[in-house]
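The structure appears right after this line, and notes come after that.
Please treat every number below as a calculation from the coordinates, not as lab data. Remember, it's a predicted structure, so these values are computed and weren't measured experimentally.
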C-alpha cells in the first residue's frame, strides 16, 4: 500500500495449482493463452474441484473488436501444454482488476 492508500498486487499468494497431485504453474498457462491472437490479458487462478482438489481457471480479456470462443483457446492449450495443465474453465471479462 502506498502513501495515498492505493493497494498494488505485486505477486501471487500461491504460485502452484495442485491438480490431482500434479503441479501447474499459472504463469506457464498464462504464457500460452497470451499467445492467442484475440487475447489482450489473461490471469490464471485456481478453482476447487471435488475430484482433483484444484483445477486451473482462466480469466481472459479479449482485444478490442476481437472475438474468440473458449474452445479455440483450449485447443491452443491442448497443443502447447501437458493434458493436466490445460485449464478446465475459461471466463471472459471486460477487464482484469
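Values as computed for the structure displayed
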{"item": "Structure-based [θ]222 nm, the chain - -39500 (n - 2.57) summed over DSSP H runs of at least 4, per residue, nearest 500", "result": "-6000 deg cm²/dmol"}
{"item": "Stretchable slack from residue 18 to residue 1, in nm (0.36 nm times residue separation minus alpha-carbon distance)", "result": "3.1 nm"}
{"item": "Which label in [x] 45, 30, 24; [y] 46, 25, 19; [z] 45, 36, 20 gives the computed Cα extents along the principal axes in Å", "result": "[z]"}
{"item": "The chain - percent relative contact order, Cα under 8 Å, separation 6 or more", "result": "26 percent"}
